[in-house]
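The values are calculated or read from the model by the stated rules, or taken from the named source; none is laboratory data. Remember, predicted model here, so these are calculated numbers, not experimental data. Backbone-built Cβ (ideal geometry, glycine too); neighbour counts: all protein chains shown. We work out accessible area using only protein heavy atoms, side chains counted, and drop any ligands, DNA or RNA first. Shrake-Rupley method; radii C 1.70, N 1.55, O 1.52, S 1.80 Å.
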Amino acid sequence: MAVVSSETLLPSAAPVRFVAEDGSRAGEHGAYGEPAAERLKEAYRLMVLGRRFDVQATALTKQGRLAVYPSSAGQEACQVAAALALEQRDWLFPTYRDSVALVARGLKPGEVLTLLRGDAHCGYNPVETRVAPQCTPLATQTLHAVGLAHAMQRRGEDAVALALIGDGATSEGDFHEALNFAAVFKAPVVFFVQNNRFAISVPFEKQSAAAALAYKGIGYGMRSEQVDGNDAVAVLAVLDDAVKHAREGKGPVLVEAHTYRIDAHTNADDATRYRDAEEVAKWREADPLKRLETYLQAENVLQGKEIEQFAADAEVFAQSVRDTLNAEPELDPLSLFDHVYAAPTRQLRQQRAALAAELEA
């Protein structure tokens, strides 16, 4: 077996970047090619939509329409790029914080928010959408992604799995098991770590001594990269390349995006107890949406009337989210038994019959 040179696995010394914080061009992108202008405009449109969705979902928690909502404000570049980098035949494995990625992939907001509303574990059909259920336990979706990617590989399918991960999940054993298996079997999977600096209240510096999480890939013989997670151009370019690498049978890729969680861990969290307002304000200046908007305007890709139209469309979308969540769900208690096994066991049939009898009494 050929020995892989460590130099080919190492991430860039500094995060890949195409656009600086002020929206001007930056030259730290090495050999990565810039995505086409129309794809960048579509990324901007989806980021506008995603941010409005995020704000609306957060408001719905205060109205009692959602039990909980983990905001991804400030991470829109990562969320949207993850969706755009995949083809329809590919699979996305999201966490509980990746609702915007699901919306960008085209899922209906009512289906996306079913889990966070508490109506069901998943509100959409994973097989039809090729989106796995949003995962609450940390890092377990990485094993699911690797297993499915390896299965597709064995069947000769031309498809890739992309697993979204938070920085806190890289401290879990499942993450390391998934990386090792994927690298050994060259599974077509991309591990995309959104390092938003906090695992709930634990800052990054207290959970890893690594210079960057991207360096963890080299220990498994896996190609790795780090990217400015608030630069949508760079994130899309890097993920495009990573997905291509995996699709061509060259093995898995670990990508770390350096970004920031603007809001609290969830609406039930008080972030002021573990970080100060100046830090948050600093990261607000690195807003990925404003950065991309400024850049595309300077490049004559995005016009003022288009910005207004995208914002108006996002308001219409937010109204549809409100209408959907304000409607009372029609729940069938017997549906609890529908998706436990493909073929219900005798015990499950007995339990279902017992509940049905109790409901009729």
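Dividing the convex hull volume of the alpha carbon atoms of the chain by its residue count gives 155 Å³ per residue. Take the convex hull of the alpha carbons in the stretch 182-250; its mean projected area over all directions comes to 5.1 nm².
When 316, 112 are compared by accessible surface with a 1.4 Å probe, the order from highest to lowest is 316, 112. To the nearest 10, the accessible area of residue 215 is 80 Å² with a 1.4 Å probe. Charge dipole of the chain (Cα centre as origin; +1 on each Lys and Arg Cβ, -1 on each Asp and Glu Cβ, all else neutral): 640 debye, rounded to the nearest 20.
Summing charges over all other residues whose Cβ lies under 10 Å from the Cβ of residue 251, with Lys and Arg as +1 and Asp and Glu as -1, gives +2. Evaluate the Debye formula for the stretch 1-125 with equal point scatterers sitting on the alpha carbons, no solvent, and hand back log10 of I(q)/I(0) at q = 0.20, 0.21 Å⁻¹, in q order, two decimals. Ignoring solvent entirely, the Cα scatterers give -1.15, -1.22. Please name whichever of 302, 341, 255 sits farthest to the positive end of the charge dipole of the chain, dipole taken about the Cα centre and charges placed at Cβ: Lys and Arg +1, Asp and Glu -1. Projecting each Cα onto the dipole axis, the largest value belongs to 341. Modelled spin labels at residue 275 and residue 63, positioned 7 Å past Cα toward Cβ, are 2.8 nm from each other. Within the shell defined by Cβ-Cβ distances under 14 Å, the residues around residue 209 carry a net charge of 0, with Lys and Arg each +1 and Asp and Glu each -1.
The charge dipole of the stretch 30-144, taken about its Cα centre with unit charges on the Cβ of Lys, Arg, Asp and Glu (plus for the first two, minus for the last two), comes to roughly 340 debye. Largest accessible area first, the residues 117, 154, 284, 291 order themselves as 154, 284, 117, 291 under a 1.4 Å probe with ligands, DNA and RNA left out. Over the stretch 1-137, with every protein chain in place, what whole percent of the accessible area is carbon and sulfur at 1.4 Å, could you tell me? The C+S portion of the solvent-accessible surface of the stretch 1-137 is 55 percent.
Rounded to the nearest 0.05, what FRET efficiency do residue 207 and residue 22 give with R0 = 30 Å and r taken as the Cβ-Cβ distance? Could you check? In this case the efficiency is close to 0.45.
Solvent-accessible area of residue 223, all protein chains in place: 60 Å² (probe radius 1.4 Å, heavy atoms, ligands and nucleic acids excluded). Computed with a 1.4 Å probe on the full set of protein chains, the accessible area for residue 103 sits at about 10 Å².
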